[in-house]
Amino acid sequence: MDQVLGSRPRRLIPDAGVVDLIEQYIQRTVNDGGLYEDVTRGICLGCSLSPLMGAIYLRPIDEAMEANGLFYARFMDDWVILVRCPQFLYHEL
């Protein structure tokens, strides 16, 4: 199983049933023209778990921004960091 996607939900989600469902999405079998292939990395394109997995995966960035007192807005992997001047941003990051 994907080490990053697999380990973070176990640390952050206390419900073992929910974690099991997430692991089933990550570790799955797909049919590719009659050939079945086990997929153990990432999630399906358009998967309904994408927002949840994105939030789990990007949580360390959220925490780092907050710890540094930076204000930013993020929608999945798109973000804007607001600072008074560019020098402040370079100093903090």
So for the pair ARG28, ASP77, with labels modelled 7 Å out along Cα→Cβ, what separation do we get in nm? 1.8 nm
So what's the chain giving for Cα Rg divided by 2.2 N^0.38 Å, two decimals? 1.41
Which of CYS85, ASN31, LEU58, positive extreme of dipole for the stretch 15-93 (C-beta unit charges): CYS85
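Hey, got the dipole for the chain? About the Cα centre, +1 on K and R Cβ, -1 on D and E Cβ, debye to the nearest 20? Display every interim value, and only then the final one.
On the way: 8 positive and 13 negative charges, 46 e Å.
In debye, rounded to 20, the chain gives about 220.
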By residue number, which cysteines of the chain lack any other Cys whose Cβ falls under 4.7 Å from their Cβ? CYS85
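Bear in mind that the values in this text are calculations on the coordinates, not laboratory data. Remember, predicted model here, so these are calculated numbers, not experimental data. Using ideal geometry, Cβ is built from the backbone for each residue, glycine included, and neighbour counts are taken over all protein chains shown.
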